[in-house]
Amino acid sequence: MDSWRVLFPWCKWLRGRLQLSNSPQHAAPSDYQDDDWLLVTLPKLQRDASSELLRKIRESLILLSVVAAADRPIFCDILREKCGVDGSFNNFDSLRVIFVLDDHNSRSMPWPETICKALLGWDGEATLSEDFLLAKEELEKIAEKKLGTLVSDTAIPFCLHFAPQYISLVSPQQYLESVQRVLKQVMPTRDQVNKKKKENAPDDHHNDNQDNEHGGGCLWPFVFEAVQLNLREIELKESVARALEELVMLGAKVSCLQLPLKWTDFFSSSECSRQPLAECFLAVSGGGPRTRLFSSRMAKEPYDKNEERWSRVEAVVVNDVDIDDRRFAALCSALRGASSVRELVLESVFAQDTRGPRALKWKWLAYALFTPNNERSSVKKLVITEPELLADDVAAIATIVNSCKPAQELLDPLWADHEVSQR
């Protein structure tokens with residue numbers, strides 16, 4: 001490991017900020033459980049998020065990727081001994097990072113966009129320090145000597161994890177709009193995607209990478225993979241629902257979306273508040289707009305084929321206590337025709353429920369996933385952290401599964417007044 005000692009001074013910028021994503025406290029329902037990703041905790045306070053610190057973090061990761069490409073065992077040893085990363089590295093064969101942005105407050109709303117811009121340098125103002133260039137050159141020489149061939153620049157896949165906390169009542173919309181602006185910058189354009197598909201010659205690809213690295217405004221060697229959204233601390237009001245709908249329809253892969261379904265007065269005002277929620281959940285599920293959310297016909301209006309926006313939410317997580325049964329019903333109705341969501345995780349959803357509300361939730365879940373439907377739901381995996389399945393739960397599920405008209409079975413007691421008003 002001593003032969004790579006030129007990297008050791010750079011590890012101080014990463015020490016205390018790195019963790020493996022496969023550790024129990026960071027396990028997430030997504031493909032990212034199968035491979036080890038490195039969680040990189042970014043500065044939590046705006047005054048600590050200086051451009052200099054973020055540049056050092058970025059440059060340290062790039063240098064670490066050179067070692068990872070040349071010598072995997074040494075790469076893992078450096079993570080463990082020099083960067084203080086604990087855990088098993090059995091599946092860790094390359095550098096993949098998840099940038100964690102959490103613990104924000106109302107006074108730092110521009111923070112997600114500001115810190116991502118400084119970290120990834122998409123504004124063209126990012127410069128490479130002389131110390132970094134010298135260290136990188138020396139590491140590449142060591143790698144070339146070890147491998148017997150020239151080591152080309154290696155891409156670093158990255159994911160963005162947003163978990164806003166302690167946000168005021170008027171700020172969540174602004175926060176999500178800031179996340180939208182981040183995604184618009186890091187997502188590859190259609191031209192970039194097409195260009196990547198056409199790049200078959202290794203030499204051309206290498207040259208492009210070299211150009212991108214020094215192109216200022218490009219993200220290379222960082223390559224965007226996905227975003228994770230933990231919105232548990234946000235109240236799902238109309239403005240938030242609309243902002244979330246716009247966000248998921250940008251087309252970025254959302255590997256995990258944690259939805260807030262706490263009981264609120266969202267439905268108490270008027271029916272107009274119901275429609276934004278329906279549109280939001282339909283966007284999340286990839287089900288497309290429908291004429292009526294709770295229609296037994298489940299009529300579907302496909303998007304325009306020329307429309308460039310689409311939803312790519314892969315996993316939905318709900319882990320609130322005291323869930324609003326009508327919000328849960330709306331989510332289940334949207335998931336019935338889901339085309340993108342592959343995994344649904346329900347944690348504590350049935351906790352503290354009395355017999356009636358608990359049975360109703362099981363009925364809606366059965367309606368979404370276990371009843372015949374023309375548009376088969378894309379959900380392939382259901383995870384429920386419930387101590388045990390009660391006899392009443394089984395009876396509730398059987399009621400819907402065996403019903404000739406499951407929608408009517410559900411809608412009559414819950415939405416009788418609404419259905420009558422729509423006839």
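Numbers at a glance
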{"read-out": "Residue tally, condition at pLDDT 85 or above and either part of a helix (DSSP H, G or I) or closer than 16 Å to PHE328 by Cβ (or both), over the stretch 270-295", "value": "10"}
{"read-out": "Selection count where residues are charged (D, E, K, R), under 21 Å from CYS256 (Cβ atoms) and crowded, with 22+ Cβ neighbours inside 10 Å, scope the stretch 337-379", "value": "0"}
{"read-out": "One residue from ASP103, ASP153 being at positive phi and at pLDDT below 90", "value": "ASP103"}
{"read-out": "Hits in the stretch 222-234 (condition: modelled with pLDDT under 90 and of a type in the set (A, V, I, L, M))", "value": "ILE234"}
{"read-out": "Residue among PRO9, PRO73 that alone is more than 21 Å from LEU150 (Cα to Cα) and at pLDDT 90 or above", "value": "PRO9"}
{"read-out": "Count of the stretch 349-369 residues which are under 18 Å from VAL318 (Cβ atoms) and outside any helix (DSSP H, G or I)", "value": "5"}
{"read-out": "Within the stretch 156-175, tally of residues that are buried (at least 17 other Cβ atoms within 10 Å of the Cβ) and assigned to a loop (DSSP other than H, G, I, E, B)", "value": "3"}
{"read-out": "Of the criteria (1) surrounded by fewer than 20 Cβ atoms within 10 Å (Cβ to Cβ); (2) at pLDDT below 90; (3) among the aliphatic types (A, V, I, L, M), which one LEU120 fails", "value": "(1)"}
{"read-out": "Residue identified as under 25 Å from LEU64 (Cβ atoms) and at pLDDT 55 or above among LYS262, LYS184, LYS237, LYS196", "value": "LYS196"}
{"read-out": "So VAL316, is it of a type in the set (A, V, I, L, M), surrounded by 22 or more Cβ atoms within 10 Å (Cβ to Cβ) and under 17 Å from SER378 (Cα atoms)", "value": "yes"}
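The values are calculated or read from the model by the stated rules, or taken from the named source; none is laboratory data. All figures in this text were calculated on a predicted structure; none of them were measured in a lab. Counting neighbours? That spans all protein chains shown, and the Cβs are built from the backbone with ideal geometry, glycine included.
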